[in-house]
1. Within the stretch A:6-107, list the GluC sites (Glu not before Pro) lying in a DSSP loop whose Cβ has at most 10 other Cβ atoms in a 10 Å radius.
2. Percent relative contact order of the stretch A:22-197, based on C-alpha pairs within less than 8 angstrom and at least six residues apart?
3. Using the Kyte-Doolittle scale, which helices in chain A average at least -1.0 and also have C-alpha atoms spread 24 Å or more along the helix axis, with helices defined as whole DSSP H runs?
4. Based on Cα coordinates alone, diagonalise the gyration tensor for the stretch B:32-131, multiply each eigenvalue by 5, take square roots, and list the semi-axes in whole Å, largest first.
5. Run the numbers on chain B and let me know its relative contact order in percent, using alpha-carbon pairs under 8 Å that are six or more apart.
6. Per q in 0.21, 0.22, 0.27, 0.28 Å⁻¹, report the Debye log10 I(q)/I(0) for the stretch B:51-102, using one uniform scatterer on each alpha carbon and no solvent.
7. Starting from the eigenvalues of the Cα gyration tensor, five times each then square-rooted, give me the equivalent ellipsoid semi-axes of the protein assembly as shown, largest first, whole Å.
8. Using 0.36 nm per residue of separation minus the Cα-Cα distance, give me the extension gain between A:F190 and A:V13 in nm, one decimal.
Amino acid sequence: MISEFLKHLFPRVVLERNLRFSYTFCLGGLAFTAFLIMITSGMLLMIYYQPTPERAFSSVLFLESSVWGGKYLRSLHRLTSHTLLVLILLHTLRVILTGTYQKPRQMNWVIGCLLLFLTLFGAYTGYLLPFDQLAFWATQTGVELLATLPFGTYLRSLLVPDGVGQGLSLLRFYALHIMIIPMGVLQLSFLHFYRVRKNKGVLPYL
Amino acid sequence: MEKTPQSRRSFLTSLTLLLASGGLLVRYLMPRSAGNRRVLASAAAADVPLGGALLFRSERIILLRKDTGFYALSLICTHLGCTVTVTENGLACPCHGSLFDRQGKVLKGPADRALIQLPVEEHGERIDVLG
């Protein structure tokens, strides 16, 4: 059954020129792999993290000091998020330099831009969660920057109803980070892959 | 007229439903009294000398006294949210160099709005700062 599932991922027909490594450098596939690592490590981190202002930082310290593999897991999650963003930007660069955003792939380019924005927003919401000084001030500055946009104060009170250091806002960022944004990224990714396959694009993991 | 995949009626229905549910969602996301009208900091009136001030660092509030009474300023810089530092001549933000006077008005710097003034309530000997 597993081998049948794996076989069904491969297209029936693939163009020979699409099989070269230098066609895409596997950047999109690597980015999706990084995202899968984020999901797995994130799920494991959820077992110890407590999303309240009083407990957030101490739960992270507990994870690092008293849990076997805790320090490694937290570093893995953090470093993979940096890698994910770098890979997405390199993938975007490849798409621009090969002109893949043109007809008939314009819709996929738009989906890709949405994916970029959602991933960046996901990284931003995740940044607040350890609730240390770095997290607090980065979020504070980001939220004030958001407030300078048109309808900015309105957007700001949607995202941060009571203040960056308070409970409602941390919980909102947590909900966005662990569920709402990953669901959006997953669904858009599948749509993205469907469109690539429809345009007779690459193999899975190539 | 161009043939559209959707009739005018169904387009308007979908649009109305989308806007209505969007509006309800936004109302759900904005609770009332999410941090309003509670005492942020409290001090004894005797602790604040005339022409002086009392600093609440973790609450980011400064309680000042002038000849006509007490008033409180938020120490959150109106530029990008750093905590302003208190100096003898006024308030200075360490992040990008904004300067404010004792009233919270902007003297210099990238900030363009005055520091927020917080309501102050006097109950006998105690002064409460509300937010």
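1. Loop-located and lightly packed - A:E54.
2. Relative contact order, the stretch A:22-197: 25 percent.
3. Helices meeting the span and hydropathy rule in chain A are A:27-46, A:70-98, A:106-128, A:181-198.
4. 23, 17, 10
5. Answer for chain B is 21 percent.
6. -0.71, -0.78, -1.09, -1.15
7. Listed largest to smallest, the semi-axes of the protein assembly as shown are 49, 25, 20 Å.
8. Going from the current span to full extension adds 61.8 nm.
Each reported figure results from applying straightforward, stated rules to the coordinates on display, with no laboratory input. Everything numeric here is computed off the predicted structure, so don't read it as measured data. So basically every Cβ, Gly included, is an ideal-geometry build from the backbone, and we count neighbours across all protein chains shown.
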